[in-house]
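Asker: Sharing a structure with you now.
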Amino acid sequence: MVESRSLVAMLPRPVRALPADLAAVFVFVILTNIAVLAPVIRETPLRVPLGLAFVLFVPGYAFIAALFPEAGESPTDESEFERTEEDDPESSLLEAGPLSRDRSGIDGIERVALAFGLSIAITPLLGLVLNFTPWGIRLVPIMIAVSGFTVIATAIAAVRRWELPEDERFQVPYREWYAAGRSEVLEPDTRGDAVLNVVLALSILLAVGSVGYAVMVPPEGEQFSAVYILGEDDDGELVADNYPTEFTQGESQEIILGVDNHEHRTVDYTVVLVEQQVSVEENQSAIEDNETVSVNETVVEEQRELDRFETQLAHNESWHHPHDLEPTMTGEDIRLVWLLYPDGEVPEEPSMESTEYTVHLWVDVNER
């Protein structure tokens, strides 16, 4: 106990004077960033509940705390209204009516409701602003934007509370809640109240457990991998276009290989890059209604392996690998094929028939 007090004493005075709810907001921002961005922790289900609360409640609560640093008052108690009206009927409206309520602040229930509503409005607005920036709507920029907004709003809220007299500042009544809950659970008025309290507690635990399980252990969706190639536009952004298609023998050009993992597990991938000299044969094939059509069949006449790439990806992770293309065959319509093999199971003769994940590019290679 002494050590914990000494550690608290070592903190800067503004930190020690920070209201408990605002300190909890700061801690929640830190924990959420760790759960979402830390290399090992981000793979755990912990990021889901923290992320939901971070997006749907925390920014709005910090904003409301900055707007309303003062304590609000709950609606006037009915007994007080009746007593005032009996004592002085003419002054009842002034003393106990709506005009007598201090409307400079809001109570706890209103804060919670507005926190949810404003969070739902603030987060998309931050995303809209990011959409017009070079960073775009991505995980890291969104985390930085929401965290920055929340921290700034919380700092403003703390300063505004410190400027108020202590008896006018908003405070979360933790001790009153704890005392009331303890009294209700451990000291019920009747045996029936005790039974109802137990049933209510079990119902809450069951509901929280069910929702928590659904969030923490979501059903697995479709399992698949993906392989693709990318080029760069005039601004240096990666796009599914601007591929090199004209080559001179002995010269190379850069292209970017992409692999996505949606297998719901960590996978070792091997990508085999081959070049193929192909020809197209036209066959006759019968179909329905006694009609026939021409069916073109691509035949690989010659194939050479150019390169291999290996990587390991966690679930929902992507890999972009720039590499040089240098075809060795010459002629028109040389086919370059990237063959993706999950778990590194590469056959002796890789082909488009041996894997379901392929991407290809037609190029022309001129002799020197």
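The values are calculated or read from the model by the stated rules, or taken from the named source; none is laboratory data. The model shown is predicted, which means the values in this text are computed figures rather than measured ones. All Cβ positions, even for glycine, are placed from backbone atoms using ideal geometry, and neighbour counts span all protein chains on display. Surface areas here come from the heavy atoms of the whole protein model, side chains and all, with no ligands, DNA or RNA. Shrake-Rupley method; radii C 1.70, N 1.55, O 1.52, S 1.80 Å.
Asker: Which pairs have Cβ atoms under 6 Å, sit 6 or more apart or on different chains, and link a residue in the stretch 242-259 that is in contact (Cβ under 8 Å) with a residue 40 or more places away in the chain and over 22 Å from residue 340 (Cβ atoms) to one that is open to solvent by less than 60 Å² (accessible area, probe 1.4 Å) and assigned to a loop (DSSP other than H, G, I, E, B)?
Answerer: Every condition considered, the pairs that remain are 247/327; 249/330.
Asker: Quick check: anything in the stretch 176-187 within 26 Å of the chain's Cα centre (by Cα) and either over 29 Å from residue 35 (Cα atoms) or open to solvent by less than 50 Å² (accessible area, probe 1.4 Å) (or both)?
Answerer: no
Asker: When you look at residue 285, is it open to solvent by less than 60 Å² (accessible area, probe 1.4 Å), more than 21 Å from residue 230 (Cβ to Cβ) and at pLDDT below 90, yes or no?
Answerer: It is true that residue 285 is open to solvent by less than 60 Å² (accessible area, probe 1.4 Å), more than 21 Å from residue 230 (Cβ to Cβ) and at pLDDT below 90.
Asker: Let me ask something else. Scan the stretch 113-133 for residues that are in contact with a helix residue (DSSP H, G or I) (Cβ under 9 Å, 6 or more places away or on another chain) and either open to solvent by less than 70 Å² (accessible area, probe 1.4 Å) or part of a loop (DSSP other than H, G, I, E, B) (or both) and jot them down. Steps first, please.
Answerer: Filtering the stretch 113-133 down to residues in contact with a helix residue (DSSP H, G or I) (Cβ under 9 Å, 6 or more places away or on another chain) leaves 114-123, 126-127, 129-130, 133.
Within the stretch 113-133, 115, 117, 118, 119, 121, 122, 123, 126, 127, 130, 133 qualify.
Asker: Hey, any hits in the stretch 109-118 for a residue that's among the small types (Gly, Ala, Ser), at pLDDT below 90 and more than 14 Å from residue 61 (Cβ to Cβ)?
Answerer: no
Asker: Can you pull out the residues in the stretch 134-170 that are open to solvent by 60 Å² or more (accessible area, probe 1.4 Å) and either in contact with a strand residue (DSSP E or B) (Cβ under 7 Å, 6 or more places away or on another chain) or of a type in the set (D, E, K, R) (or both)?
Answerer: 138, 160, 163, 166, 167, 168, 169
Asker: Go through (1) at pLDDT 85 or above; (2) farther than 30 Å from residue 261 by Cβ; (3) open to solvent by less than 60 Å² (accessible area, probe 1.4 Å) one by one and return the number of the condition residue 84 breaks.
Answerer: (1)
Asker: Moving on. Looking at the stretch 335-350, which of the residues that are open to solvent by less than 60 Å² (accessible area, probe 1.4 Å) and not in a strand (DSSP E or B) is modelled with the lowest pLDDT? Spell out the reasoning first.
Answerer: Restricting attention to the stretch 335-350, the residues satisfying the condition of being open to solvent by less than 60 Å² (accessible area, probe 1.4 Å) are 335-342, 344, 346-347, 350.
Now drop any that are not not in a strand (DSSP E or B), which leaves 344, 346-347, 350.
On the way: 344: 79, 346: 91, 347: 91, 350: 92.
Step by step, filter the stretch 335-350, then rank; the result is 344.
Asker: Only one of 353, 332 is loosely packed, with under 12 Cβ neighbours inside 10 Å and outside any strand (DSSP E or B); which?
Answerer: Every option except 353 fails the conditions.
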